[in-house]
Amino acid sequence: MKVSDFTDTTVDAFGSAKAFATNLVQPTIRLGVTGLARSGKTVFITSLIHNLLTSGRLPFFDAAAEARIRRVYLEPQPDDAVPRFDYEQHIADLTADEPHWPQSTRRLSQVRITIDYQPQSFWKRQFGHDRLHVDIVDYPGEWLLDLPLLEQSFSDWSQTAIARARAPKRRASAKAFLDLLNKFDPNDPQSETAAQELAQAYTSYLARCRDEGDVLIAGPPGRFLMPGDMEGSPALTFSPLNPSESADEASLWSMMARRYEAYKTHVIKPFFRDHFSRLDRQIVLVDALGALNAGNEALDELEATLAQILERFRPGANSWLSSVLRRRIDRIAFAATKADHLHHTSHDRLEAILSRLVGRAISRAEFAGADVKVLALAAIRTTREGEVSQRGEKLPCILGYPMRGETIGGKSFDGKEEYAVFPGDLPDDPEKAFARGKGAEATSIHFVRFRPPRLEKTPLGSATALPHIRLDRAINFLVGDRLS
Ligand SMILES: Nc1nc2c(ncn2[C@@H]2O[C@H](COP(=O)(O)OP(=O)(O)OP(=O)(O)O)[C@@H](O)[C@H]2O)c(=O)[nH]1
Ligand SMILES: [Mg+2]
């Protein structure tokens, strides 16, 4: 056993005992909210909190439907070193007179909401257990994809990363990096300037994949595009290099290899040990509509990525991760977000497609003891439904305010005009969305981004609850049983 293993487990044992004792006195759920970039994490957490704080319409959240929620409030979050989820700013953006979507967030953050409720259970009433803290942790799903690096040497990772950059779909985004790479000999003397130049080129390539290319996931290291406080530190200033057989200690190769190891020690391990391992429940948000829109290859990539993410929740018995996991995640929800882009007749179909996307991975992973739920939701509903007559036929459509700059069939919008949109139909059989070649059915959905809805104000001037689709079912699954 290595010293580091020993320390990890010891800290873990103390941590668990303390958490267990505290949890008896103050029941707490740590709820992880994750998903790839732009999947809807910030909007989901903001709407969840706002709906709880303002007693929104939550008929499928049992404790609310049974009128057992006494009070919900925000409390200072208990982890001093973790940035607070900026609920106040996000809700101000969404409920402004000109409502707009919150800014993209690129780091982990946390917020605590407390629910005072009337317990149903006799014992809970006897012991005065009528309060639940929910610590919500927002973190990028890309960080979960870093885990395999722990088992890869710098040489193996370099090979994989360079092969990936040369793949047809990425070659254009990677050109500048690949050209630069060939100018350096890994046996050259180590140099900070070289490391910075290469790291910058590698980061720009990843950013181009994320922003422009038709790939869904830029690829590890996940923190390169979300550096947070570590921006500019050596642990984030490296890149893969062409193979070297005989590099000495003072070479560029050795310098990059050391930094790659530092990334594992200072970035990957602390995230899994200090944050991920403490989660009790998890929701993974998936922009399945975006992937459907982007075509079959994007769907394949999404399926493979979700499978990897799922493995993190049930790692094999021998991995480093299982040794630091403090608790078992006992409930995992997968949610297809932005369902308000579809007519309600397609919501079940979207759920079926997401079930098909994660289904194989769920059946492969060992999920004994964990409940898994798949659902389609819209944390904020931006549209309403209607019908439009066309050649004597009534067609279901959705109506919303396309955002400024969006276009449909040559018409461009200013964000002020409501417009009827035919989002297109999802296939009734989810397999058809995945089919190839003959028999394949092109899924023709067309999206425009809608602006958030303008909310009514209460007599006191605050905004009424944000409208949603099936958000209450997600809340019920994630925390409902702890309010019985
Ligand atoms: N119509 C609709 N659009 C949504 C909804 N949720 C998110 N969106 C859209 O998706 C975008 C991204 O949502 P965020 O909540 O910022 O996503 P995120 O996962 O936090 O993104 P990053 O912080 O960049 O990783 C928003 O700006 C909206 O355009 C929803 O419920 N309905
Ligand atoms: Mg965000």
Of PHE224, PHE122, ordered by accessible area with the largest first and a 1.4 Å probe, the sequence is PHE122, PHE224
What size of dipole, in debye to the nearest 20, comes out for the stretch 49-195 about its Cα centre when the only charges are +1 on Lys and Arg C-beta atoms and -1 on Asp and Glu C-beta atoms? 520
Using a cut-off of 13 Å between beta-carbons, work out the net charge of the residues near PHE154 (Lys and Arg +1, Asp and Glu -1, PHE154 not included). 0
Rg and Dmax of the stretch 384-434, Cα atoms only, in Å: 13.7, 39
The chain: calculated mean residue ellipticity at 222 nm from DSSP helix runs of at least 4, using -39500 (n - 2.57): -11000 deg cm²/dmol
Say the dipole of the chain comes from +1 at the beta carbon of Lys and Arg and -1 at that of Asp and Glu; which of LEU354, HIS50, PHE450 then lies farthest toward its positive end? HIS50
Residue span ARG84 to ARG57: 0.36 nm per residue of separation minus Cα-Cα distance leaves a gain in nm of 7.1 nm
Accessible area in square angstrom per residue, the stretch 384-434, 1.4 angstrom probe: 63
Over the chain, with a single point scatterer placed on each C-alpha, what log10 of the ratio I(q)/I(0) does the Debye formula yield at q = 0.09 1/Å? -0.69
Per residue, in Å², the accessible surface of the stretch 216-314 once ligands and nucleic acids are set aside, probe 1.4 Å: 34
Efficiency of FRET from Cβ geometry, ASN242 and ARG131, R₀ 60 Å, rounded to 0.05: 0.55
Taking placed amide H atoms and a strict 5 Å upper bound, the residues 5 or more places from ILE29 or on another chain that come that close are HIS133, VAL134, ASP135
Placed amide H near HIS468: partners under 5 Å, 5+ positions off or other chain: ARG381
Just by accessible area at a 1.4 angstrom probe, what is the order of TRP101, TRP253 from largest to smallest? TRP101, TRP253
Between ASP229 and ALA176, what is the spin-label point distance in nm, taking each point 7 Å from the Cα along the Cα→C-beta axis? 3.0
In nm, the gap between the two label points placed 7 Å beyond Cα toward Cβ at ASP211 and ARG391 is 4.4
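For LEU74 and ARG360, calculate 0.36 nm times their separation in residues minus their Cα-Cα distance, and state this gained length in nm to one decimal.
Computed gain between LEU74 and ARG360 is 99.1 nm.
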From the phi angles alone, apply the Karplus equation (6.51, -1.76, 1.60; θ = phi - 60°) to the stretch 281-290 and give each ³J(HN,Hα) in whole Hz, x where the residue is Gly or Pro. 9, 8, 10, 10, 8, 10, 8, 5, 5, x
In whole Å, largest first, the alpha carbons of the stretch 370-484 cover along the principal axes 51, 43, 30
Expressed as a whole percentage, what fraction of the accessible surface of the stretch 384-434 belongs to carbon and sulfur atoms when a 1.4 Å probe is rolled over the protein heavy atoms? 43
A chain fully extended from GLN103 to ALA167 at 0.36 nm per residue, minus the present Cα-Cα distance, gains in nm 19.9 nm
Please grab the % of Cα pairs in the stretch 149-269 that end up more than 24 Å from each other. 20
Please state, rounded to one decimal and in Å, the Kirkwood hydrodynamic radius that the stretch 198-280 gives when every pair of distinct Cα atoms enters the mean of 1/r. 14.2
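The values are calculated or read from the model by the stated rules, or taken from the named source; none is laboratory data. The shown structure was predicted, so the numbers you read here are calculated from the model rather than taken from an experiment. Note that we place each Cβ from the backbone using ideal geometry, even for glycine, and neighbour counts take in every protein chain shown. In case anyone asks, the SASA skips ligands and DNA or RNA and just uses the protein heavy atoms, side chains included. Shrake-Rupley method; radii C 1.70, N 1.55, O 1.52, S 1.80 Å.
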